[in-house]
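Each reported figure results from applying straightforward, stated rules to the coordinates on display, with no laboratory input. The model shown is predicted, which means the values in this text are computed figures rather than measured ones. Glycine also receives a Cβ, built like all others from the backbone with ideal geometry; neighbour counts cover every protein chain displayed.
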Amino acid sequence: MRELIVDNFAGGGGTSTGIEMAVGRPVDIAINHDEKAIEMHKVNHPNTKHYIEDVWDVDPLEATQGQPVGLAWFSPDCKHFSKAKGGKPVDKNIRGLAWVAVKWAKLVHPRIIILENVEEFRTWGPLVKDENGNLYPDPERKGQTFDLFIKALEKQGYIVEFRELRACDYGAPTIRKRFFMIARCDGQKIVWPEPTHGDPEQQEVRKGLLKPWRTAAECIDWSIPCPSIFDRKKPLVENTLKRIALGIQKFVIQADNPYILDDDKVIFLQHYYGQQGNEVRGSSLNEPMATIPTANRFGLVTAFISRQFKTGIGHELDKPLATITTVNKSNLVIAFLLKYYGADIGQSLNTPMHTITTKDRFGLVTIKGEDYQIVDIGMRMLRPHESFKGQGFPDNYIIDVDSKGNPYPVTEQTAKAGNSVCPPLAEALVRANYQEKVLENMAI
């Protein structure tokens, strides 16, 4: 009798995709309460049995119909553990979703259980109420519930191990770090897969023992234009403009190795999170993408550059710019950068220019000893298919239509990318630990 593979909290299908890459067949059962998530899962995994239900409402005995379970994967909602939530109240029911893994362990005894969550999952502990009745983690009892959870699995005959792993080390072009727990009850050893990729400067990479990290650059759809920030009908908000200017200073003007495209564009990713406007949060396209969130918070910023200039600012007006426009925007760029970066983040254009270092000349970029002038600045937000590629999904993964052929909302696409497990990391864990077995060879 063939073993079943079950994907709880299946989402849009990142785990199922990774499992299928590892074992060469679809998962048998996928469970998620979110109909939109299941619709994306269905169109990509049509041979899987789908449950659009709360995980607590699915009876493991009924779902498996007496078949043995070889692998059960659990990715419970992590937002009420994540540090990204900050000091907001938490939901007791959501924080307790992981207990469903113990339910499956008791009722159908999966041979292997894998659980994925944010790093803070290990701090899972009791909650306390404030004066308004809001629940918050008890700082004095961090990790107590987590310890009870591990003991509950051990009581069912499982050996349990856990680690934090980064997706970029296993072939996904994102630095996303997650907590993983593996539990086995078949007498076999838990195996943690060895990294396949590493920092390009790492000795193992230079010797060819590891592949270099995949980068953000390979996730970008270069066919999508990056419109000028000066041509927008609705101007960008003040904090966004500050971040763009500071990002250009850090990732273009001051960068030793900026990402250059077609010799006339220097590009970086701007991260739009909760930081203040005078904080720089971004990344080069020469490195893996930062952790991809459920909301679209990555902006692609392009500094269009040209060699056609005579002095530190401005360029020859009798020659058209090859890839921008014949309208001279250099003065706009200079005024913009002058306004938004400097020691105190800005200054009046009616006052003398602040002290400028040799390399910090406003709008002047030196690349490999050659000077360029920034003649325009473009910005656009990343599209969902770029985020899915950043998570390590295959290029043919369907995200824009559901299983009925209806258009799939862009906001849902973005959310499913941010909530997804990186398929290459799921593949590595499953490949290292799970081999198909028949009932007579099982040790239960």
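Tabulated data for the structure shown
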| quantity | calculated |
| --- | --- |
| Förster radius 56 Å - calculated FRET efficiency between SER223 and TRP99, Cβ distance, rounded to 0.05 | 0.75 |
| Segments 6-12, 375-381, 398-404, 126-132 sorted - mean Cβ within 10 Å per residue, highest first | 6-12, 375-381, 398-404, 126-132 |
| Förster radius 60 Å - calculated FRET efficiency between LEU332 and VAL401 (Cβ-Cβ, nearest 0.05) | 0.90 |
| Cα lying deepest toward the dipole's positive end in segment 146-213, options GLY171, LEU148, TYR158, charges on Cβ | GLY171 |
| Whichever aspartates and glutamates have a C-alpha closer than 20 Å to that of LYS339, once near sequence neighbours (fewer than 8 apart) are set aside | ASP231, GLU238, GLU279, ASP360, ASP376 |
